[in-house]
Amino acid sequence: MKQMKLTKAQERAKAKLTNEWQSAYDLSESLQTLRRLVACKVAITRRDSPGDVFFPRSAIKYKLSSNSVEK
């Protein structure tokens, strides 16, 4: 499957992601940008807090996907 080209905002967010769980607030990135990285399988997400409904920017966590390693 052909991978879609990332936008500048997505590339910036990808560069900030690590192997540690971080929120959109921690990364200073939008939820929309991070959700797109998850859809492109660049990142993975974790929703284990009841606060993710009310405070999604700080409660939903993201980190690099294992298959996002550069070739």
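The values are calculated or read from the model by the stated rules, or taken from the named source; none is laboratory data. Note that the structure is a prediction, hence the values are computed from the model and not measured. With ideal geometry, Cβ positions are generated from the backbone for all residues, glycine too; neighbour counts draw on all protein chains shown. Just the protein is used for accessible areas: all its heavy atoms, side chains included, with ligands, DNA and RNA removed. Shrake-Rupley method; radii C 1.70, N 1.55, O 1.52, S 1.80 Å.
Among the residues making up region 61-71, those that are over 11 Å from the mean Cα position of the chain (by Cα) and either polar (S, T, N, Q) or open to solvent by less than 30 Å² (accessible area, probe 1.4 Å) (or both) are Ser66, Asn67, Ser68.
Restricting to region 1-60, name every residue that is among the hydroxyl-bearing types (Ser, Thr, Tyr) and open to solvent by 100 Å² or more (accessible area, probe 1.4 Å).
The one that is among the hydroxyl-bearing types (Ser, Thr, Tyr) and open to solvent by 100 Å² or more (accessible area, probe 1.4 Å): Tyr25.
Listed here are the residues, each with its yes/no results for (1) outside any loop (DSSP other than H, G, I, E, B); (2) basic (Lys, Arg); (3) free of Cβ contacts under 8 Å to residues at least 24 places away in the same chain; (4) in contact with a strand residue (DSSP E or B) (Cβ under 8 Å, 6 or more places away or on another chain).
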site	(1), (2), (3), (4)
Glu11	yes, no, yes, no
Lys14	yes, yes, no, yes
Thr18	no, no, no, yes
Glu29	no, no, yes, no
Gly51	yes, no, yes, no
Arg57	yes, yes, no, yes
Tyr62	yes, no, no, yes
